[in-house]
Structure formats: structure tokens, C-alpha cells
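The values are calculated or read from the model by the stated rules, or taken from the named source; none is laboratory data. No experiment lies behind these values; they were computed from the predicted model shown. Note that each Cβ is placed from the backbone with ideal geometry, even for glycine, and that neighbours are counted across all protein chains shown.
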Amino acid sequence: MAKILIIGAGSMGAAFSIPCLDSQHQVKIVGTHLENKFIDDLKNNHNFHLPLNYQLSNETNIVKYNNLADELINKPDLIVLAISSKGINWTVDQFSYLSNEIQLPPILILTKGLSIFENNFELLDDKLKRLLTNKGFKNLNISSVGGPCLASGLANKVHTSVVFTNINVETVKWLQKILSTEYYHISISDDRIGVQVCSAIKNIFSMVIGSSKGQCNNKINNDLKKNNYLNTAASLMKQSLYEMSLFVNYLNGNKETAFGLAGLGDLYVSATGGRNSKMGFFIGEGYLYSEAKKLKMPKETIEGAELVFEIGEKIREDFNFKKIPLMFAMIDSILDDKKLNIRWDNFQ
């Protein structure tokens, strides 16, 4: 039995606790500073997790962030980060309250994203390592997760296949051994670049594919669009995978990773539902991003759009639009706040 500390009480953190508990581990979930009221409401509602729409077991122990230092001092065997990409900095700040002489256990990042540091693309595991190293922590061991894993599906124990990656393959073999269940299937990869890049940029492409209903034919009515957009979606899916493979290769990952769980698998799930696909639908209908965000999704975080704001200008700097026309179409639409214009003649 391992002691597992999950940071982040949202849908994914709560869902991830379920296979951990089913594997007979001791699990503690610590919320972020933004989740205090949510945790109060959850406990007052007998552990019913409203965003997940799931009744957590009585064994699910969720505490507020001011308990984090005590939980770290209790020496967990594994720390799991189930936070937003912006929460990486907050987490490092919380760790910094500890003595950097304390050896942090292996860390598993569920978060997906890319950053820019010193005008270069930076993987989230590299960002976390850099920030923790600057705080004086040493001998860090960080793994990342890719692949299609909707929190609601995992919570309800549907068959879910993911890929774990780390420079240290022995660590992900250990994680595979202790976390796999009859429904949570873990494969491992040494392509940490490809897995993390695909996991991040698929959110941009899922918006594009989500736009397919509006892109298919502007001369037919909405009822027909509901049933006749799949040709368009398939074309966008194929081009998305091609561009993902180019992007991964550019960052020195294995381009074949784009056609595995972290690429194709995650893109399929994201494109068929979720916030990114929903935003793409509105953009495909002709809304500007700013209009759709304000009028249709004012309180929702759109991961693909947030990623565009983070790395979009760097992509414009490094790439020719003719090489990745689909990604450029979404970047231009969001950064310049203009209607989506897909250049079909540049597709490969």
C-alpha cells in the first residue's frame, strides 16, 4: 500500500483517487486555495462531487490547502498534481514553505499544457523541475500522463487507457504496477516530449474539429448540418494529426506518438465533446472568440484558447502557416479575434 497525495480537488483529482483507492492505497486529496468553499460544500453534501456528478466514497479524504505542509511532512510515496497549468506556480510556492532539505517523492503530473520560457517552448515537467530546482529542491523525479481520460468516465470505471512517461522508465513501470486496475489501463513511453506536446496541442485542434458543423456547408440549414458534418470533421481530424506529428518532430519528439493514445486517442475524445469542442462549434458558427466567450461560455476555462494565448505568437514566429495551416487558422482566429478562415488548399 502506498501513501498518495493528490493536489487539486476538482473533477480529475477526485476521479483519479478512485483507481488509487481501488488499488488499496491510502489517499489524501488537498484542494487549492481556490477550492475552500467547494470543499465545505462537498462535505456538507456527504461527499457528493457536484462537478463530477459523482458520489465519492467515505474513504475519500479531502482537506483544504492549509493542510498541505502537514501532508508533505508525512512523507507520501507519490504526489499527484491534478491542477490547471497555471496552478504549477502556486504548487511550487506551497512546496517552498518546506525546507528544501526534504526530499520530495516522485511526482505525477495529470495537467496538460505547454509554456514559453526564454522564448522557447517548455514542457510542464521541465517547468516544474526548473521552478523547484530554483527553490533548492534536488533529485526530482517527475512523470507525466497523456491519453484520453475524461474524469467522468474514469470515476464511473469505464475502460480507460492512458500513457505514462518519464526519463526514468523504471519510475513509470512502478506507477504502472501500483495504479493499474481492471478498468484503468496504463501503458508507458520514453517519449516524454511527444506525449506532453500531443496532450497539450490537441486542445487547439479539438476546437478546430469542433467547428466542423459550421464549416461543412454554409448553404444548408442547421438541421442538415447536424447530420452532415462528419465528412468535414474527418478531413479536419486527418490534417490535425498530420500537423501534430510535425509539431512533435519540431520539438525533437517521436512524431509517431501523434498517432497513439496521447495524440489520436486524446484528440478523438476531446473533439467529440468538452469545452474546447464546444467553443469550436461557436467559432465555426461565425462567432468571434471574444463574442463566444462572453455570450456562450463566460465562466468556463477553454484550455485550447488559453494555450493559444500562451504559445500562439511563438508558433507564428517559428512556423510557416503553409506547413500547419489548421493550427494557424485557430491561432489567427483567437489572437486576432477574427472569424475562422481555414485554408483548405494548404492541407497535406
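The table for this structure:
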| quantity | calculated |
| --- | --- |
| Selection within the range 103-158 - of a type in the set (Lys, Arg) and either assigned by TED's automatic domain parsing to the domain that holds Leu307 or on the phi < 0 side of the Ramachandran plot (or both) | Lys112, Lys127, Lys129, Arg130, Lys135, Lys138 |
| Residues of the range 292-338 satisfying the condition of being surrounded by 19 or more Cβ atoms within 10 Å (Cβ to Cβ) and hydroxyl-bearing (Ser, Thr, Tyr) | Ser333 |
| Subset tally (residues that are at pLDDT below 90 and part of a loop (DSSP other than H, G, I, E, B)) for the range 82-103 | 11 |
| Residue ID - farthest from Leu154 (Cα to Cα), chosen from residues in the range 274-323 that are of a type in the set (Gly, Ala, Ser) and touching a residue at least 24 places away in the same chain (Cβ under 8 Å) | Gly286 |
| Unmet requirement for Lys278, which otherwise passes all of (1) in contact with a helix residue (DSSP H, G or I) (Cβ under 8 Å, 6 or more places away or on another chain); (2) more than 20 Å from Lys238 (Cα to Cα); (3) surrounded by fewer than 20 Cβ atoms within 10 Å (Cβ to Cβ) | (2) |
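So that you can scan it fast, the table gives a plain yes or no per residue for (1) within 15 Å of the chain's Cα centre (by Cα); (2) at pLDDT 90 or above:
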| site | (1), (2) |
| --- | --- |
| Leu264 | yes, yes |
| Met279 | no, yes |
| Phe282 | no, yes |
| Pro298 | no, yes |
| Lys322 | no, yes |
| Met327 | no, yes |
| Asp337 | no, yes |
| Gln348 | no, no |
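Residue by residue, here is whether (1) within 20 Å of Glu122 (Cβ to Cβ); (2) of a type outside the set (A, V, I, L, M); (3) not in a helix (DSSP H, G or I) holds:
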residue	(1), (2), (3)
Thr301	no, yes, yes
Ala305	yes, no, no
Val308	yes, no, no
Ile311	yes, no, no
Arg316	yes, yes, no
Lys322	no, yes, yes
Leu326	no, no, no
Asp332	no, yes, no
Asp337	no, yes, yes
